[in-house]
Structures are given as structure tokens and as C-alpha cells.
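Okay, so here's the structure we're looking at.
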Amino acid sequence: MKTIYLLITLLGILFPYAAFMPWLIAHGADVSLLWDQLTANPISVFAWADVIISAVALLVFIVTDSIKNAVKHSYLAILGTLLVGVSCGLPLYLYLRERNAN
């Protein structure tokens, strides 16, 4: 399972950034435009609310579970969640947890 979790972590970094990088190259770090496009319609707001709530739940899980199970380097999964998203943080934490169990 460790290999599968690590592969999913890599995909969880690659796919979101593959979608975001063309926008960033075209528009630069235009936070105002980014916000306008993120909140352009109710479906966008729905999707982002879901992602943000999922990320908060994941962060709480990582902190509590890593203390309970003494998972080393769990801060990497927290960073992955904050810098990339749940698609990186969750499989990375599962990888670290699996590696810790062995």
C-alpha cells in the first residue's frame, strides 16, 4: 500500500498543478482575478466550500491521528494539504502512516 499511496500523492501534486500552472503563467499572481474566477458562480462556491471543509477535516485528522499513532513527519502531510490540497495531503499522510506501521 505504501507504493500506491506514494503514487497517488505524486498524482495529487501533478494533476492540480498541471491545471493551475497555465493559468498562473497567463495571469501571473493576480489574486483579485483568481478570487473573481474562484467565486464566479454558485457551483464554484459549492465546490470550494466542499474542498475547504474537507481540508480542515483532514488537518484535524492528521494532527490527532499522528499524535495517537506517533506518525513521524506528519507535518509534511499538513504542508502538502496547505500548499497543494487534499489530493496531496491525504495520500501523503496515509503513506507516512503506513510507513510508520512497518
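The values are calculated or read from the model by the stated rules, or taken from the named source; none is laboratory data. All figures in this text were calculated on a predicted structure; none of them were measured in a lab. Positions of Cβ are backbone-derived with ideal geometry, glycine not excepted, and every protein chain shown enters the neighbour counts. The area values use the complete protein model at the heavy-atom level, side chains included, leaving out ligands, DNA and RNA. Shrake-Rupley method; radii C 1.70, N 1.55, O 1.52, S 1.80 Å.
Below, the figures for the structure above:
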quantity	calculated
Residue-by-residue Karplus 3J(HN,Hα) for region 90-102, coefficients 6.51, -1.76, 1.60, Hz, glycine and proline x	5, x, 5, 5, 4, 4, 4, 5, 5, 5, 5, 6, 8
R0 of 30 Å, Cβ-Cβ distance Ile25-Val60: FRET efficiency to nearest 0.05	0.30
Residue-normalised accessible area of the chain, given per residue in Å² at a 1.4 Å probe	68
Charge dipole of the chain about the Cα centre (unit charges at C-beta), most positive-ward option of Leu83, Ala26, Leu58	Leu58
The chain, helix-only ellipticity at 222 nm - DSSP H runs n ≥ 4, -39,500 (n - 2.57), divided by all residues, nearest 500	-28500 deg cm²/dmol
Sulfur and carbon atoms: percent of accessible area, the chain [1.4 Å]	74
Overall dimensions of the chain as given by Cα atoms, namely Rg and Dmax in Å	15.4, 46
Cα-based shape type of region 2-47, given that a ≥ b ≥ c are square roots of the gyration tensor eigenvalues and the cut on a/c is 1.5	oblate
Net charge dipole size for the chain [Lys, Arg +1 and Asp, Glu -1 on Cβ; Debye, nearest 20]	520
